[in-house]
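Novice: Mind having a look at this structure? Questions to follow.
The values are calculated or read from the model by the stated rules, or taken from the named source; none is laboratory data. Since we're looking at a predicted model, the values are computed, not measured. Because the Cβ atoms are built from the backbone with ideal geometry, glycine has one as well, and the counts that use them run over all protein chains shown. To get the accessible areas, we keep the full protein, side chains included, count just its heavy atoms, and leave off ligands, DNA and RNA. Shrake-Rupley method; radii C 1.70, N 1.55, O 1.52, S 1.80 Å.
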Amino acid sequence: QVQLQESGGGLVQAGDSLRLSCAASGRTFSGYAVGWFRQAPGKEREFVAGISWRGTSTLNADSVKGRFTISRDNAQTTVSLQMNSLKPEDTAVYYCAARPGYSSRSLSDYDFWGRGTQVTVSS
């Protein structure tokens, strides 16, 4: 069982940066890929970025390429999402999720989920 906790959300202005963190408890992220997803009001949850269990492979949604960067620490306890040049359309609740092996863009492929952290970007 992997328990996930997101942190780092907040209210920022367009063009600002935020760094979200996903921490594992109960066990480390060792052997698990981690994905970040987001859900805006009235919209479906969507994939944002993912990183493989070794950190050697990453995926990004087209909407965040060049702005968001996913990374994981060597101790395999935290996965971060660095978000730069934020836009109002990035406003959403951001969730991290974990699955064994390689990341996936599909929500249904993930076994464990955090409760989310709110990111609000004002124009």
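Novice: Which residues in region 6-27 place their backbone N less than 19 Å from a point set 7 Å from the Cα of residue 89 along the Cα-to-Cβ direction?
Specialist: So the set is 12-18.
Novice: State the answer as a single residue: which of 93, 29, 103 lies farthest towards the positive end of the charge dipole of the chain, with beta carbon charges of +1 for Lys and Arg and -1 for Asp and Glu, about the Cα centre.
Specialist: Farthest along the dipole direction, towards plus: 29.
Novice: Sticking with this structure for a sec: Taking a spot 7 Å from the Cα of residue 73 along the direction of its beta carbon, which residues of region 30-61 have an amide N less than 15 Å from it?
Specialist: 30
Novice: Restricting the calculation to Cα positions, tell me the Rg (one decimal) and the Dmax (whole number) of region 79-118 in Å.
Specialist: Considering region 79-118 through its Cα atoms, Rg and Dmax are 11.9, 33 Å.
Novice: Give the distance, in whole Å, between the Cα centre of region 1-22 and the Cα centre of region 59-103.
Specialist: Rounded to whole Å, the Cα centres lie 9 Å apart.
Novice: Who wins for biggest fluctuation among 34, 64, 48 in a Gaussian network model of the chain, springs between alpha carbons below 10 Å?
Specialist: Maximum fluctuation in the GNM of the chain, among the listed residues, is at 64.
Novice: Taking the Cα of residue 56, stepping 7 Å toward and past its beta carbon, and measuring to each backbone N in region 74-91: which are under 18 Å?
Specialist: 74-76
Novice: Kirkwood-based Rg over Rh for region 1-92 (C-alpha set), two decimals?
Specialist: 0.96
Novice: So how much accessible area does residue 99 have, in Å² to the nearest 10, using a 1.4 Å probe?
Specialist: 50
Novice: Here is a follow-up. In a Gaussian network model over the chain where Cα atoms closer than 10 Å are linked, find which of 77, 69, 58 has the largest mean-square fluctuation.
Specialist: 77
Novice: Here is a follow-up. What percent of all Cα-Cα pairs in region 44-123 falls into each 5 Å bin, going from 0 up to the bin containing the maximum distance?
Specialist: For region 44-123, the binned pair fractions read 3, 14, 26, 28, 19, 8, 2, 0 percent.
Novice: For residue 109, tell me the accessible area in Å² from a 1.4 Å probe, rounded to the nearest 10.
Specialist: Only protein atoms counted, so the area is about 60 Å².
Novice: Return the single residue from 61, 23, 75 with maximal mean-square fluctuation; model: Gaussian network over the chain, springs between Cα atoms under 10 Å.
Specialist: 75
Novice: On to the next question. Can you compute the charge dipole magnitude of the chain about its Cα centre, using +1 on each Lys and Arg Cβ and -1 on each Asp and Glu Cβ, nothing else charged? Give it in debye, rounded to the nearest 20.
Specialist: For this selection, approximately 160 debye.
Novice: I need the phi-derived Karplus couplings for region 41-57: 6.51 cos²θ - 1.76 cosθ + 1.60, θ = phi - 60°, integer Hz, Gly and Pro marked x.
Specialist: Karplus values, whole Hz, x for Gly and Pro: x, x, 10, 6, 5, 10, 6, 10, 7, x, 9, 6, 5, 8, x, 8, 9.
Novice: Starting at the first residue of region 18-33, write each ³J(HN,Hα) from the Karplus equation 6.51 cos²θ - 1.76 cosθ + 1.60 with θ = phi - 60°, in whole Hz, x for Gly and Pro.
Specialist: 9, 10, 8, 10, 10, 9, 9, 10, x, 6, 8, 7, 3, x, 10, 7
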